[in-house]
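Participant: Below is the structure I would like to discuss, written out as structure tokens.
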Amino acid sequence: MTLTAERIDDLLRRPPSEVLPALREAGLLPERPTTRVWGPDPDQAVPVVAPFAVVDPRKPYVADRASLYTYRPQWYASSGTAPAVSIHATPGQFDGTLYVMLTGLGAGRPGLVVVDLLVYGPAGTSLSISATGNPVITAVSREATGGQRVQVPVGFASNSAGTALVYLAPTQVGHGGEWYGTTVYGL
């Protein structure tokens, strides 16, 4: 089944508790993902090519390339020196999830997203990142980041309609953090 941007948009507009299962069923996120624990890598290099799209709180939409969706953010600030979206998981709620929908990539195109984020304390708190075509969920912990803002690279591959989805969510209830932006590179 080819998933168009409109169909993906419909999936993202479902009740929040139905979104992740629907995205997995549609093949946009892995059915049985494994988890990779992220750690800083001093040899990590960001691509030196121009990005395909940059999405952040000041620019949540890039025509024909990227759109931001968020479910029950704790807060959203588009001004100041560090615009951000705060996400936090509370008991009994499906909230604090952020999605970046990518379009116009071309069928089966591999790419890299660099997610700019901060994980809230205390120790043991983490955020999870996953993307279309990547069977791994990347867990980014407060310990691994040292409580600092970091840029986490995650690979993806677009579907046959040239679309892909990246999501960021608290790993467990009580976890949370801030999202500052996502830069998308086509490979």
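The values are calculated or read from the model by the stated rules, or taken from the named source; none is laboratory data. Just so we're clear, the structure is a prediction, and the values are computed from it rather than from any experiment. Every residue, glycine as well, gets a Cβ built from its backbone with ideal geometry; the counts of neighbours run over all protein chains shown. The protein model used for the area step is the full one, side chains on, heavy atoms only, and it has no ligands, DNA or RNA in it. Shrake-Rupley method; radii C 1.70, N 1.55, O 1.52, S 1.80 Å.
Participant: Mind checking which residues of region 171-187 are among the polar types (S, T, N, Q), at pLDDT 95 or above and open to solvent by 20 Å² or more (accessible area, probe 1.4 Å)? I'd like the intermediate steps shown before the answer.
Facilitator: Here is the first cut: in region 171-187, the residues among the polar types (S, T, N, Q) are 171-172, 182-183.
Still in the list and also at pLDDT 95 or above: 182-183.
Of everything in region 171-187, just one residue is among the polar types (S, T, N, Q), at pLDDT 95 or above and open to solvent by 20 Å² or more (accessible area, probe 1.4 Å), namely Thr183.
Participant: Just name the residue that is most open to solvent (accessible area, probe 1.4 Å) out of those in region 150-170 that are touching a residue at least 60 places away in the same chain (Cβ under 8 Å) and either part of a loop (DSSP other than H, G, I, E, B) or acidic (Asp, Glu) (or both). Walk me through it before giving the result.
Facilitator: Of all residues in region 150-170, those touching a residue at least 60 places away in the same chain (Cβ under 8 Å) come to 150-153, 159-161, 163-170.
After this cut, where a residue has to be either part of a loop (DSSP other than H, G, I, E, B) or acidic (Asp, Glu) (or both) as well, the list is 159-161, 163.
Details: Asn159: 29, Ser160: 79, Ala161: 41, Thr163: 4 Å².
For region 150-170, the residue satisfying everything is Ser160.
Participant: Which of the residues that make up region 51-105 are over 17 Å from the mean Cα position of the chain (by Cα) and on the phi > 0 side of the Ramachandran plot?
Facilitator: Listed by number, the residues that qualify are Asp64, Gly80, Gly92, Gly104.
Participant: Sticking with this one: Name the pairs: first residue in region 42-61 and at pLDDT 70 or above, second residue of a type outside the set (A, V, I, L, M) and open to solvent by 50 Å² or more (accessible area, probe 1.4 Å), Cβ to Cβ under 7 Å, at least 6 apart or on different chains?
Facilitator: That search, which allows pairs on different chains as well, returns Phe52/Arg65; Ala53/Arg65; Pro57/Tyr76; Pro57/Ser78; Arg58/Ser78.
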